[in-house]
Each structure stands twice: as structure tokens, then as C-alpha cells.
1. Choose one of 88, 47, 58: the residue whose Cα lies farthest towards the positive end of the charge dipole of segment 1-153 (beta-carbon charges +1 Lys, Arg; -1 Asp, Glu; about the Cα centre).
2. Please list log₁₀ I(q)/I(0) at q = 0.08, 0.14 Å⁻¹ for the chain, using the Debye equation with identical point scatterers on the alpha-carbon positions.
3. If the limit is 18 Å between Cα atoms, which of 59/111; 16/117; 59/117; 138/171; 84/111 go over it?
4. How long are the semi-axes of the ellipsoid equivalent to segment 116-179, from square roots of 5 times the Cα gyration tensor eigenvalues, in whole Å, largest first?
5. Expressed in whole Å with the largest first, what are the equivalent ellipsoid semi-axes of segment 7-63 derived from the C-alpha gyration tensor as the square root of 5 times each eigenvalue?
6. Restricting the count to DSSP beta bridges whose residues both fall in the chain, what percent are antiparallel, rounded to a multiple of 5?
7. Counting Lys and Arg as +1 and Asp and Glu as -1, what is the net charge of the other residues whose Cβ lies under 12 Å from the Cβ of residue 165?
8. Amide H of residue 146 versus every other amide H placed in the peptide plane: which residues, excluding those fewer than 5 positions away on the same chain, fall under 5 Å?
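Bear in mind that the values in this text are calculations on the coordinates, not laboratory data. Values in this document were obtained by computation on a predicted structure and should not be read as measured data. No Cβ is skipped: glycine too gets one built from the backbone with ideal geometry, and neighbour counts run over all protein chains shown.
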Amino acid sequence: MKTFSGYILTKVCGWKIVGDFPTLNKSVIIFAPHTSYWDGLYGKLYLMQLGIKYKFLSKKEFFKFPLKYFFIIFGSIPVYENKKYIDYVAELINNSRELHIVLSPEGQLAKTTRWKKGYYYMAERANVPIVVGSIDYKRKEIGVKGVIDNLNSIEAVRREVAELYSDVSPKYPENFSLEIKI
């Protein structure tokens, strides 16, 4: 599956894979910008070609019949917005030998200046790094922008995330904002 998905992504769809995925057994992977449903397909192909064990976090509204079966097969788990959910995901990571949790910090396709903070708290509680993945439609590049190991300050992490995404072009630029407020 690894070779096939990489072939589809690079040869058929024309994407270039950039940045090396770090040698990690566990992490929280954030992927942005997320302004189109296509981001999920390309992200899935990218992650499949890496050959890592991962789960996507998706809106709980997608888990209704009949779509729920597609999302389960897709490797998604529903997001429930409460503090216990962050502990649940951290526990999933801690109880696995290998697991990467993938999510969009924006939390939606529409423009937002209040990115969700859950990714930070999940990584902090599971004591794993944050891998910053990106999808750049202008350059047609997908991959890793960086890894954030120091989780001592959410403000510092958010500044670093904004800096890493500062040169990335989304599919719909009008729906992406780096004016991240806490």
C-alpha cells in the first residue's frame, strides 16, 4: 500500500513530498492549512506512503449512517469537544506502542482565528512531540515543516506553528488565517 499510495500522490496527482518524517513511534501530527475536503484525501495518501500507524480526528457529525463506515475505514475517530476527550486521546497514544494522531488545528474548513488548542494538550499529556505537516497548493508540496519538542508554553508553540505555516499556500487562501489567538 505504501508504494501504491505514494505513486498515486506523486505521479498521478502531481504532488511533491517534502521534509523527512521524523523517526518517532508516537506524536500528534497537525496538518494545515485545511480549507478543502481534498486536503484529507491528499493527507491520507501522504500518510499511507509513510507506512506509519495513525488515526485521524474528524468531526463527530461525520459518524452518522452511512458515512460513519467510510470514516472508520478511512482511519478516523470522532471528536467530542470536552476536556475528557483530550485525556482519552492521550491515553490512546500512551497505551500504544506506535500511534500518531492526525488533526487540523483549525478545526474547520471556514476561516478562523481561534485555532483549537486540543492538539497542544494532547501532545503535552501524552508527552509526545508535535509534528507540523503542511499541504501547499501553490508549490504542490506536501510533507513535514518541522517538529516541536518543547511543549513548556502554549504561546511559544502557537508562535512557532504560525511561523512554520507563514509561507504555505492553501487551496482557498481566503479561508486561512495565521492570526492565531489564544
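1. 58
2. -0.23, -0.74
3. Checking Cα-Cα distances, 16/117; 84/111 exceed 18 Å.
4. 23, 13, 10
5. Equivalent ellipsoid of segment 7-63: 19, 17, 10 Å, largest first.
6. So the antiparallel bridges amount to about 25 percent of the total.
7. Charge balance near residue 165 sits at -3.
8. Hits under the 5 Å cutoff: 132.
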